[in-house]
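Student: Below is one structure. I have some questions about it.
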Amino acid sequence: MAAVLAARAVEKRYGRVTALAGVDLEVGPGQLVGLLGPNGAGKSTLVKIACGLVRPSSGRVEVLGAPAGSAGARRSLGYLAELFRFPGWMTADEVLTLHQRLAASAGGGAERIELLELVGLPDARHTRVASMSKGMQQRLGLAQALVGSPPLLLLDEPTSALDPAGRRVVRGLLEELRRRGTSVLLNSHLLSEVELVCDHVVIVDHGRVVAAGTPAELRRQGGVEVETGGGVRQFPDAGRADVPRIVRELVDAGEDVYAVRLVTSSLEDVYLEVVDE
């Protein structure tokens, strides 16, 4: 199926500074793609280009086949910026009503109630923004990005102000969006969150893609550990296919085997290996 978001050889230069140096990226229908990288790697620049807020120096970004920034592309996406502000005197309901008008959504009050429930703010409809915690404001930002049920969401650090309970709500929200077939590009520093919810991961450094794949593909196997009566035995060069032989040999040698574990690198290990900090 055609990509919901497609970036092809995207470059962005600010004078002598190169923010993006030929980035290729795709988000498929219903796919959650995590965008990782250190500060200044070019992640937010890529998201802003996809929104049409920044123009690329070269290359092309399309949303459902429409050029990024065009009316068709803007109608097809919801966006949560990393640093956003809502007027403090507005209630949550008023914020969503405003964004319904901006997005030409006819969802009315039913949509606003559903969105607040979806982001874990069912009782905040008449709460003013100035009275909300940062975490509540962050969840309200997620709700406004979902106004009009766009097929693509661009989320720039959506869990940055959330406590563990709030991050769990967002994970549940992302799972629900996957079930609904909504595509998401998630720019985040929280590797554990990305590893838990994303189907595909793209790691960017110095404006280039340095690694990409599913979390399982990026994690590499690092041997086998066997817990025996005599302690933990390590076989660093072994793989899954070697497990039956290893267990058989240990049992034949009189060892009691209690557990076997395949050792794999975490997404954090891979990230630190490919990113030049």
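Student: Which residues does a label at residue 212 reach in the stretch 49-63, if reach means a backbone N under 16 Å from a point 7 Å past the Cα toward the Cβ?
Tutor: What the label zone holds, given the 16 Å backbone N cut-off, is 50, 59-63.
Student: Hand me the trypsin sites (Lys or Arg not before Pro) from the stretch 196-277 located in a DSSP loop with no more than 13 other Cβ atoms within 10 Å, in residue order please.
Tutor: 220
Student: Right, here's the next one. Report relative contact order for the chain in percent, whole number only (criteria: Cα-Cα under 8 Å, sequence separation at least 6).
Tutor: 21 percent
Student: Next question, about the same structure. Only counting other Cβ atoms within 10 Å, I'd like 182, 91 sorted with the fewest neighbours first.
Tutor: So the ranking, lowest neighbour count to highest, is 91, 182.
Student: Can you give the % of DSSP beta bridges in the chain that are antiparallel, to the nearest 5?
Tutor: About 65 percent, rounded to the nearest 5.
Student: Let me ask you something else. Can you spot the aspartates and glutamates whose alpha carbon is less than 13 Å from residue 134's alpha carbon? Ignore those fewer than 8 places along the same chain.
Tutor: 82, 163
Student: From the helices alone, meaning DSSP H stretches of at least four residues, give me the mean residue ellipticity at 222 nm for the chain, per-run term -39500 (n - 2.57), in deg cm²/dmol to the nearest 500.
Tutor: Helix-only estimate at 222 nm: -10000 deg cm²/dmol.
Student: Taking the Cα centre of the chain as the origin, how large is its charge dipole in debye, to the nearest 20, when only Lys and Arg (+1) and Asp and Glu (-1) carry charge on their Cβ atoms?
Tutor: The dipole of the chain has a size of about 1420 debye.
Student: To the nearest 0.05, what FRET efficiency results for residue 163 and residue 199 with a Förster distance of 30 Å applied to their C-beta separation?
Tutor: 0.70
Student: Could you tell me how many degrees, from 0 to 90 and to the nearest 10, lie between the Cα long axis of helix 108-118 and the main elongation axis, the longest principal axis, of the Cα atoms of the chain?
Tutor: 20 degrees
Each reported figure results from applying straightforward, stated rules to the coordinates on display, with no laboratory input. Everything numeric in this text was worked out from a predicted model, so none of it was measured. Cβ coordinates were reconstructed from backbone atoms using ideal geometry, including for glycine residues, and neighbour counts include every protein chain displayed.
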